1. Set the Förster radius R0 to 30 Å, insert the Cβ-Cβ distance between residue 182 and residue 162 as r into 1/(1 + (r/R0)^6), and round the FRET efficiency to 0.05.
2. Per residue of the stretch 85-96, what does 6.51 cos²θ - 1.76 cosθ + 1.60 with θ = phi - 60° give for ³J(HN,Hα)? Whole Hz please, x for Gly and Pro, Karplus curve as stated.
3. Quick query: amide H of residue 78 versus all other amide H atoms, modeled in the peptide plane; which residues come in under 5 Å with a sequence gap of 5 or more or a different chain?
4. Report Rg/Rh for the stretch 22-80, rounded to two decimals, where Rg is the Cα radius of gyration and Rh the Kirkwood radius.
5. Which far-off residues, 5 or more places away or on another chain, put their amide H under 5 Å from the one on residue 24, with H placed in the peptide plane?
6. I'd like to compare 47-53, 57-63, 96-102, 9-15: which one has the highest average count of other Cβ atoms within 10 Å, and what's the full order after that?
7. I need the peptides 172-181, 73-82, 29-38 ranked by packing, meaning the mean over residues of other C-beta atoms within 10 angstrom, with the highest value on top.
Amino acid sequence: MPVPLQQTDPRQLGAYRLSHRLSHGAEGVVYLAHDRDGQPVSVAMLSEGAAADPAARDRFAAAVTQGTGVGTAPRVLAANTTNPAASWVAVPHAPGRAGAEAFLAPVAVGAGEHDPGAPDYAPHWATRSTPAAARWSGAVGRDAASAAESTSDRRVVLGLLLVLLLFVALLILLYLWLTGLSAQAGGADGKPFPSGGSPSPTEPSTSPRPTHEPWVSPDPRGTGQPTDEPSPTSDVPTVDVEDEDSPGLPPDPRGWG
């Protein structure tokens, strides 16, 4: 009766997807599988102990390729007898007919050849009945776990990198904004006067203005030093001129005469 697969059972052998266990023993395990078209297939796989024994592998290969030790050998669909980690054979599955388990019977040492009165014995690998693929199945599981951890680590690293890039972009935008503000402020403070213009009327004129200082005459004695003597023209007397005193003079046009 088919039973669910165990954790140590492989899920795929060649082109066949395993779904259930049909039987198991010291020599190996028989699985119910399906091909790509969904057709049921019986797959027999050597146990870990039998796959580790070269003599047991040779007997399995002889049974598969030559039918040695098999009474009525079923038709072989596919097989792998050269890989110690996974030696298996696949045949069509039909209820009530011999399946792939027929190739496991000759694997035991001296199977069917001992004397009727002689004691039976089990091979040294009989206690290692788990599938040979259990070793690499565990390795695959560990590799998958490692791959999952590594994927998680990569996601964390990528997230941190994205955050860092966003922070750098914000810093660049802030720098450009501050630079623009500084340029605008500098242009407003140092704006020149337009060409041809004049200063604002409120600004004081810088043109020179005459100053009223007393006239200083040079020293007549030739010393070159100025003196405080009054100007010669400052005390010249003025005389009123009457019209009769200057009959020949023309009248003053300014009306001062």
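Every number here is computed from the coordinates shown, using simple stated rules; none is lab data. This structure is a prediction, so every number in the text was calculated from the model and none was measured. Cβ coordinates were reconstructed from backbone atoms using ideal geometry, including for glycine residues, and neighbour counts include every protein chain displayed.
1. Numbers: r = 31 Å, r/R0 = 1.03.
Taking R0 as 30 Å, the efficiency between residue 182 and residue 162 is 0.45.
2. So the J values, rounded to whole Hz, are 6, 7, 9, 8, 9, 10, 9, x, 9, 9, x, x.
3. Amide H neighbours of residue 78: 90.
4. On the way: Rg = 12.2 Å, Rh = 12.5 Å.
Using only Cα positions, Rg/Rh for the stretch 22-80 is 0.98.
5. Distant-sequence amide H within range of residue 24: 30.
6. Working: 47-53: 22.6, 57-63: 20.3, 96-102: 18.0, 9-15: 16.0.
Ranked by mean Cβ neighbours within 10 Å, highest first: 47-53, 57-63, 96-102, 9-15.
7. Working: 172-181: 10.0, 73-82: 15.3, 29-38: 17.6.
In decreasing order of mean packing, 172-181, 73-82, 29-38 become 29-38, 73-82, 172-181.
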